[in-house]
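Inspection log for the structure reproduced underneath, given as structure tokens.
The values are calculated or read from the model by the stated rules, or taken from the named source; none is laboratory data. As the structure is a computational prediction, the values presented were derived from the model and not from experiment. Cβ sites come from the backbone with ideal geometry, for glycine too, and all protein chains shown count toward neighbours.
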Amino acid sequence: MIHELQQIFHSITKSLEVLYVIEDIKPCARILVYEDDLNKVIDFLGKKRMHYSISDFKVIKQNIQSEFYSDKSIKVEKDDITKGYFFVYLSKKIETAESAKLMESKNSHKELGLILGYPECCCNFFEMNFNKQDTDLTLKILENSNGYKFLFYTNIAARHFDMSLLSHFPHSFECVPSIKNAQNNLKIIQKYSKELALMLSSLMQSTVIYTLNEGIFLLRKCEKVDDYFVYSDVLTTTKNKLYYLISSNKMLQINGKNNFIINDIKISGPQYGVMVFI
Ligand SMILES: [Zn+2]
């Protein structure tokens, strides 16, 4: 099933979203579908007896930091000649899919989040913090969390590499309903593919360096040795100076959630976030 979904939706995270709705652990999913793929998706949903609603606008992705994920996009008319993506709201109930579309069109972020099954604490957090200038709330979530060590379930930074157990911004990396949500999702993935569940869990147990403008880095197999965090390979959204510094040293010291040292170079400030997901 997951393989079939991936052929239609081209991404693991999108395929999982659809799977959660099929499995009744999510009331409704909102996924971006490239306009040339729309007919294929509609065909698939029809076969699975799922209801859907399609946005009256489309979006064009901007500032793409990775091939899988972009937080920034601009809205255009649905007949705009530039090719773009439509939001498809899918659910087992037609009225749920329709109300998700309606809430999005009214910019009612909180109501939309609740329809999609996100925890209320996180819907409130999103409504309070999201705006056109601040579309990626990851560093804000870190600010809202205690320390820098968290359970891997809320590692939403991995979405940049098409891996995630959550489809919303948790209000904190310690948000209990979000952790429960992710654990339930993982159980469903395990039911269909033990390999994928293992791969996801292992990749999400990484140390993350999350920057505002210098990319996102996943430090794999990170272990604490004395005062240092020692890691193996590094996944990156961009190959720049910081990437080469991180990947050529394989060890760093963490002095706080916005403060780390690599090769005697101190990197700190609110634009740099460090998270250790275990
Ligand atoms: Zn929450």
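Laid out as a table, the results:
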{"item": "Counted residues, region 110-153 - those being without any contact (Cβ under 8 Å) to a residue 60 or more places away in the chain and touching a Ser or Thr at 6+ places or on another chain (Cβ under 7 Å)", "result": "3"}
{"item": "Top-ranked residue in region 155-204 [being part of a loop (DSSP other than H, G, I, E, B) and of a type in the set (A, V, I, L, M); ranked as farthest from the ligand (Cβ to nearest atom)]", "result": "Met163"}
{"item": "Elements of type helices (runs of 4 or more DSSP H) contained in region 39-151, each with 3 or more residues being assigned by TED's automatic domain parsing to the domain that holds Gln205", "result": "120-129, 138-143"}
{"item": "Single condition Tyr118 does not satisfy, out of (1) away from the ligand (no atom under 14 Å from the Cβ); (2) of a type in the set (Phe, Trp, Tyr); (3) touching a His at 6+ places or on another chain (Cβ under 6 Å)", "result": "(1)"}
{"item": "Meets criteria (over 30 Å from Glu17 (Cα atoms) and surrounded by 18 or more Cβ atoms within 10 Å (Cβ to Cβ)) for Leu219", "result": "no"}
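Quick grid of which residues meet (1) out of contact with any Gly (no Cβ under 9 Å at 6 or more places or on another chain); (2) crowded, with 19+ Cβ neighbours inside 10 Å:
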residue	(1), (2)
Glu127	no, no
Lys132	yes, no
Leu151	yes, no
Ile156	yes, yes
Phe169	yes, yes
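Residue-wise test of (1) under 21 Å from the mean Cα position of the chain (by Cα); (2) outside any helix (DSSP H, G or I); (3) free of Cβ contacts under 8 Å to residues at least 12 places away in the same chain.
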site: Glu214; (1), (2), (3): yes, yes, no
site: Leu218; (1), (2), (3): yes, yes, no
site: Lys224; (1), (2), (3): no, yes, yes
site: Phe229; (1), (2), (3): no, yes, no
site: Leu235; (1), (2), (3): yes, yes, no
site: Thr238; (1), (2), (3): yes, yes, no
site: Tyr244; (1), (2), (3): no, no, yes
site: Ile254; (1), (2), (3): no, yes, no
site: Ile261; (1), (2), (3): no, yes, yes
